[in-house]
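Worksheet: the structure to be examined is printed underneath.
Coordinate-derived values only; no laboratory data. Nothing here was measured: the structure is a model prediction, and the numbers come from that model. Reconstructed Cβ throughout: ideal geometry from the backbone, glycine too, with neighbour counts over all protein chains shown.
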Amino acid sequence: MESAGTVAELVQRQWGDHRPGLRSEDLDLSHHLVAAGAAARAALLVELLPRGAEPHVAVLLDNTPEFPLWLSAAALAGAAVAGINPTRRGAELARDILHTACRVLVTERAHLPLLDGLDLPGVRILVTDTEAYARLLAPYADAKPGEATLARSGSVGPSARLLLYFTSGSTGAPKAAICTQGRLAAAGQSLVAHFGVRRDDVHYICMPMFHGNAVIADWAPALAGGAGIALRRRFSASRFLDDVREYGATYFTYVGRAVQYLLATPERPDDRDNPLRTGFGTEAGAVDAARFTERFGVRLVEGYGSSEGGAAIQRTADTPPGAIGRAAPGDDLAVVDPETGRERPSAVFDADGKLVNGTEAIGELVNRGPNPFEGYWRNESAEADRRRGGWYWTGDLFFRDTDGFLHFAGRTDDRLRVDSENLAAAMIESILARWQDAAGVAVYAVPDPVAGDQVMATLAMREGAAFSAAAFGRFLGAQADMGTKMTPRFVRVVPRMPVTATNKVHRVALRREGFRCPDPVWWAPPGEAGYRPLTGDDVARLLAEYRVHGREADLTR
């Protein structure tokens, strides 16, 4: 198939293609009808946007058919979609809409309560599941792709903005990363080649479409390869296999804890009886990725690409277990000290393959060569920070082995400094994930009463398992690569791991609550052997120690 320079061209290719194109719980559309629906919405958008306004439309929807239709419509019109996170509330939600200069907001009745009381001056709200919306679209039912555009030249080019998608930063307001039509079309076509996407494939989109993962890694390659898509309104572990079988899905993407949730569902004798070939995502972890493949017979490919497009790692056939891969062609990736910029030494492993020089080898991944980062919308300071010194700084921790393969070690925000030693939370998590009684693990820093940090872990137990301090202690003692400073001081046990809307562990909330939380906490007091329950008296004594050293305020950082 001939390559396309824009997403608009890819949408136009669907015209006249009457194969199944989009399926959901309550709607089936051919590729042709998807293109026709996009053309109608593009024509409506051109009429609705005031002259001189930024060509931006906010989309506050679950994964309903309207979401990909509006993505396609924006591409045809030369507009950009700002995906709005429905877990945001009040002033934060209004800020996302107004910051991206959107004059049209597309939503559904289920999300209207989120807008109650918000001051959104000049914003036209379209509610997709209403008769009023159907009447608005009706005059444009005969529109054809390419007839309605906001481009002065009459055609949409590769440099036209298409996505303004918010990054899920742990501090400050989310930043709206820019993605142009050319970059998204190229990303989709690259994944088509990498995964061998076929026209008879079906991409199952269960991750939220306001997030870059679902659009860039799932929707775009389906569009570029002529494959169909199937939508799940919101991710459901219990419905996953049934959906995959019903839609004949061959490919899906995941982020965060989605894989762990799927593994936590009850096993069935026919788990491997499914049409899936590939799952593509990040943060599953080597242990759970292997468990998933063994149980469902589906290959999981762990990839890496910064949300903003500034760096990418590709997995090759010779990538060793636990590694992500090598730098994508054209990228000059290095692992450096975040403070000095000096390159870190290669990783050293023991006879069992465990990293033994993490403090020296782990650093921030940077791209020293040209990269496709297209900036943030109206956030020059954040953009400059990403591009400081002429490099692209990913904000992610990695280490590189002697063969040049890159291994993920967490976010820079997830670094801990224990007794003057720098640790990466992801490295500790990978060790704790081996404990068979734990269904989920999160590791993060809590302030030490005197200086630096202490390690805290949150565990979600597998169904039927109860936390045993003695068993957990024995497990830790058997891990040869668990350094003494890595051992968690506090262990919180939760019925379910708290996650964000994109199924990533909500570490910000966990850090803020620390050991003062509603769930049971065990701790290993200094000078005592093993873990015991943290009592109210223990907390009072700890807080007094924090006050003595002037660190009580750090507990809510």
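Structure data summary
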item: Cα-based helix-to-principal-axis angle, 90-99 vs the chain, degrees rounded to 10; result: 50 degrees
item: Leading residue at positive end of dipole, segment 7-195 (Cβ point charges), from 125, 55, 38; result: 55
item: Between 0 and 90°, nearest 10: helix 31-48 axis offset from the chain longest Cα axis; result: 80 degrees
item: At R0 = 22 Å, FRET efficiency that the Cβ-Cβ distance of residue 349 and residue 286 yields, to 0.05; result: 0.95
item: Segment 435-556: C-alpha gyration tensor shape, a/c 1.5 cut-off, then a/b vs b/c; result: oblate
item: Segment 29-56 versus segment 414-470: alpha-carbon centroid distance in Å; result: 48 Å
item: Bins of 5 Å, starting at 0 and running to the largest distance - Cα pair percent for segment 271-407; result: 2, 10, 18, 19, 18, 14, 10, 6, 3, 1, 0
item: Nearest-0.05 FRET efficiency for residue 132 and residue 239, computed from C-beta distance (R0 25 Å); result: 0.20
item: Distance between segment 353-388 and segment 116-191 - C-alpha centres, whole angstrom; result: 28 Å
item: Extreme residue, positive dipole direction of segment 7-195, given options 86, 176, 68 (C-beta unit charges); result: 176
item: On Cα atoms only, tilt of 66-77 relative to the major axis of the chain in degrees; result: 60 degrees
item: Prolate/oblate/rounded label for segment 7-195 (Cα gyration tensor, a/c 1.5); result: rounded
item: Where only C-alpha atoms are counted, convex hull volume of the chain per residue in Å³; result: 163 Å³
item: C-alpha center-to-center spacing [segment 200-228, segment 483-530] in angstrom; result: 35 Å
item: Taking segment 304-414 and dividing mean pair separation by its residue count, relative contact order in percent (alpha carbons under 8 Å, at least six apart); result: 29 percent
item: Aspartates and glutamates whose Cα lies under 12 Å from that of residue 354, excluding same-chain neighbours fewer than 8 positions away; result: 401, 481
item: Antiparallel bridge percentage (DSSP; both residues within segment 435-556; nearest 5); result: 75 percent
item: Structure-based [θ]222 nm, the chain - -39500 (n - 2.57) summed over DSSP H runs of at least 4, per residue, nearest 500; result: -7500 deg cm²/dmol
item: For segment 41-85, diffusion coefficient by Stokes-Einstein and Kirkwood Rh (Cα), 37 °C, 0.692 mPa s, µm²/s; result: 308 µm²/s
item: Prolate/oblate/rounded label for segment 1-95 (Cα gyration tensor, a/c 1.5); result: oblate
item: Ranked by how many other beta carbons lie within 10 Å on average, peptides 7-19, 199-211, 378-390 from highest; result: 199-211, 7-19, 378-390
item: Residues of type aspartates and glutamates that residue 175 reaches as a straight line, Cα spacing below 15 Å, ignoring anything fewer than 8 places off in the same chain; result: 92, 96, 308, 374, 380, 383, 385
item: The chain: antiparallel DSSP beta bridges as a percent of all, rounded to 5; result: 55 percent
item: Relative packing of peptides 243-255, 483-495 - highest average C-beta neighbours within 10 Å first; result: 243-255, 483-495
item: Label-to-label distance, nm, for residues given as residue 277 and residue 295 (7 Å Cα→Cβ offset); result: 2.4 nm
